[in-house]
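Worksheet: the structure to be examined is printed underneath.
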Amino acid sequence: GILVPPQITEKPEVVKVTVGDPVSLDCKVTGSPELRVKWMKDGRELKSIRQHKLIFENNISSLKIQAAQTEDEGDCTCKVKLIVLVIAPSFIKPLVDMHEILGSFVQICCKISGSLPISVEWKKDGTKISSGLKHKLIQQDNSVSIEIEQLERSDAGTSLTLFILCSEPPSFVTVPESQTALPKATARFKGTFKGTPPFTVKWFKDDTELMTGPTCLIGLDGLSCFLELYSVGVTQSGVYSCQVSNDAGSIHCSANLTVKEPPEFLLKLPANKFLKQGESLRLECKVSGTVPLKITWYKNDTKVTDGGNYRTSFVDSVAVLELVSTSFEDDGVYTCEAQNDAGSVSCSTTLTIKDPPSFVKIPQPVEGLKGKDVSLYCEMSGTAPFQITWFKDRKPLMESRKFKLVSEGSSATLHVIGIEPSDAGEYECKVSNSVGSDTCQTSIKLREPPSFVKRLSNITVILGGEVTLVATVKGSEPITVSWVQDKDHILRDSDNRKITYENNQVAVKIFNADATTAGKYTCQLRNDAGSVECFANLTVLGL
């Protein structure tokens with residue numbers, strides 16, 4: 001049926017009356033199914049007494065005053081309340097025995113009362129009758145009937161019974177409880193309810209309906225509903241709701257499932273870590289997972305305890321291990337392990353303490369002959385292995401037919417094959433390891449043949465006087481200097497002669513010029529790169 005909300009359709013206006021006269025205030029009220037009316041005066045409810053009567057008939061509520069008095073003056077208000085009563089079904093007009101002719105149309109009727117909705121079921125000799133071609137079942141408000149289109153012998157029976165069913169909507173007696181589960185465990189939700197069968201049960205996860213399959217089982221056992229989830233993972237966390245329905249209505253309830261998240265490293269330790277001896281160390285990694293999380297550090301499988309040279313912390317998902325000062329004894333594998341109820345995970349780094357490299361022997365500058373090979377050799381200290389790089393004029397050199405790069409242990413050599421003028425220049429060697437580097441410089445030059453910057457000049461001296469023949473030279477040392485007089489007389493130091501080679505100047509000094517000192521003087525310069533000569537005439541006057 002349809003409930004009509006109460007409404008006052010006609011109400012009294014302001015009423016004026018003489019003292020002692022009777023008066024009636026009337027309100028017309030509509031609504032269903034049962035209405036209760038109150039009259040109020042100045043906020044207080046009025047009751048029916050001798051001075052004023054309250055009457056409610058034919059949807060009209062009246063307040064009747066026998067003789068109006070001055071104290072009756074005031075605001076009178078009519079209030080209407082709707083009362084809904086659920087009334088069990090019952091028969092007003094039951095079935096009666098009938099005698100009808102074969103082949104005729106038959107209608108069997110009865111009337112019922114009670115609160116809607118009412119479910120109706122017909123049976124013949126205990127067997128339920130369904131609406132179809134043979135029978136037509138009709139229900140309209142409080143009238144129910146069955147129509148038989150063409151009466152046959154099989155329609156006769158000892159009993160024709162009408163059952164009236166009033167369904168009770170489902171309601172939960174116990175609801176599923178929220179729970180926490182470990183990964184790969186089985187989670188089970190269960191609830192019990194009451195009401196009129198049959199029931200339909202549905203389970204949902206976050207508004208998505210679940211179906212029985214390999215990962216879950218949905219069940220209905222009498223007045224119990226359950227959901228089993230197998231081998232749960234973090235993605236199964238969420239809100240699970242159960243909906244139970246029958247013909248009279250439906251209900252639902254919800255519970256949370258939290259699957260614990262095993263620890264996982266969002267930031268791992270580096271695979272390797274290299275430090276100079278004496279430096280401090282800070283290792284850190286970031287961990288996710290369901291709290292509480294337990295963090296444990298190990299060095300070579302031995303647990304590290306906070307204190308002394310070690311400092312540990314775990315704040316805002318970041319696990320930290322610090323070494324105040326490192327030494328060669330701190331070499332080893334360091335492991336961070338994170339653990340909770342759902343599992344454990346670990347990551348490791350290998351710490352190596354090293355000495356940075358430094359040169360203990362550097363290559364000496366080299367002067368080489370054109371076309372010959374030269375080598376640059378150096379030695380270094382520190383923790384091997386080393387990375388060696390050679391540079392020429394600040395550009396790195398690669399292994400080639402021109403350059404051969406050799407490194408063995410703590411030494412390195414650069415071989416330059418068949419040097420040419422273009423090979424002359426500044427060379428640099430850089431040695432490095434994972435904790436530092438060092439460099440050294442040297443040069444390669446081509447040996448220069450000797451030459452005269454300022455040649456000998458002809459000179460004249462007076463007999464008995466002092467005279468010096470001098471020239472300025474250059475070239476790669478060592479340079480051999482030879483003096484020859486008149487083609488075949490090789491000059492040496494004597495009492496009257498001094499030969500010198502100082503500050504790039506070659507000279508022969510004669511203390512007392514005489515007939516034997518006059519003539520042609522030749523100066524020869526020679527080194528392994530070549531030779532050169534020049535000459536001058538010495539004239540002695542007064543001979």
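The values are calculated or read from the model by the stated rules, or taken from the named source; none is laboratory data. Note that the structure is predicted; figures quoted are calculated from it, not measured. Cβ placement follows ideal geometry from the backbone for every residue including glycine, while neighbour counts extend to all protein chains displayed. Protein only, heavy atoms only, side chains kept; ligands, DNA and RNA dropped before computing areas. Shrake-Rupley method; radii C 1.70, N 1.55, O 1.52, S 1.80 Å.
Between V315 and L54, the modelled label-to-label distance comes to 7.3 nm, taking each label 7 Å out from Cα in the direction of the beta carbon. All alpha carbon pair distances within the range 390-543 were sorted into 5 Å bins beginning at 0; the resulting P(r) in whole percents reads 2, 8, 14, 14, 11, 8, 7, 7, 6, 7, 6, 5, 3, 2, 1, 0, 0. Note on surface exposure: M211, M98, M380, M40 rank M211, M98, M40, M380 by accessible area, highest first, 1.4 Å probe.
Surface listing: H52, H252 arranged by accessible area from highest to lowest gives H252, H52, probe 1.4 Å. In plain terms, the C-alpha convex hull of the chain casts an average shadow of 69.6 nm² when viewed from every direction. For I92 and Q66, what does the FRET efficiency come to when R0 = 35 Å and r is the distance between their Cβ atoms, rounded to the nearest 0.05? Given R0 = 35 Å and the Cβ-Cβ separation, E is 0.30.
Over 29 Å between Cα atoms: which of K361/K445; K474/K509; K205/K286; K273/K430; K474/K520 fall into that group?
Listed pairs above 29 Å: K205/K286.
Remark: relative contact order (the chain) = 7 percent; criterion is Cα-Cα distance under 8 angstrom and separation of 6 or more residues. Taking every protein chain into account, the 1.4 Å probe leaves C534 with about 0 Å² of accessible area, to the nearest ten. In the range 252-408, the portion of solvent-accessible area held by carbon and sulfur atoms comes to 48 percent [1.4 Å probe, whole percent, DNA, RNA and ligands not counted]. Extending 7 Å from the Cα toward the beta-carbon at both S400 and Y230 defines two label points whose distance is 7.1 nm. Put a dot 7 Å past the Cα of T196, heading toward its Cβ, do the same for S154, and the two dots end up 3.1 nm apart. Treating r as the C-beta distance of R282 and M211 and R0 as 56 Å, the FRET efficiency rounds to 0.60. On the range 467-543, 47 percent of the accessible area sits on carbon and sulfur atoms, based on a 1.4 Å probe. Only protein heavy atoms count here; under a 1.4 Å probe, K294 has an accessible surface of about 120 Å². Go ahead and collect, in residue order, the members of the range 456-479 whose backbone nitrogen is under 17 Å from a label point 7 Å along the Cα-Cβ direction of L491. Correct set: 456-473. Think of a 1.4 Å ball rolled over the protein heavy atoms: the range 398-520 then has 57 Å² of accessible area per residue. Would you kindly calculate the translational diffusion coefficient of the range 264-353, applying Stokes-Einstein with the Kirkwood radius from alpha carbon pairs, for 25 °C and a viscosity of 0.890 mPa s, and quote it in µm² s⁻¹ without decimals? Once the numbers are plugged in, D ends up at 185 µm²/s. Largest accessible area first, the listed residues D21, D301 line up as D301, D21 when surface is computed with a 1.4 Å probe on the assembled protein chains.
At 0.36 nm per residue, and after removing the present C-alpha to C-alpha distance, how many nm does the segment from I462 to K372 gain when stretched out fully?
Stretched out fully, the I462 to K372 stretch lengthens by 27.3 nm.
Pop the C-beta distance of D331 and F391 into the FRET formula with R0 = 41 Å and round what comes out to the nearest 0.05. With R0 = 41 Å, the Cβ-Cβ based efficiency is 0.80. Exposure check, 1.4 Å probe, all protein chains in place: V234 carries approximately 70 Å² of accessible surface.
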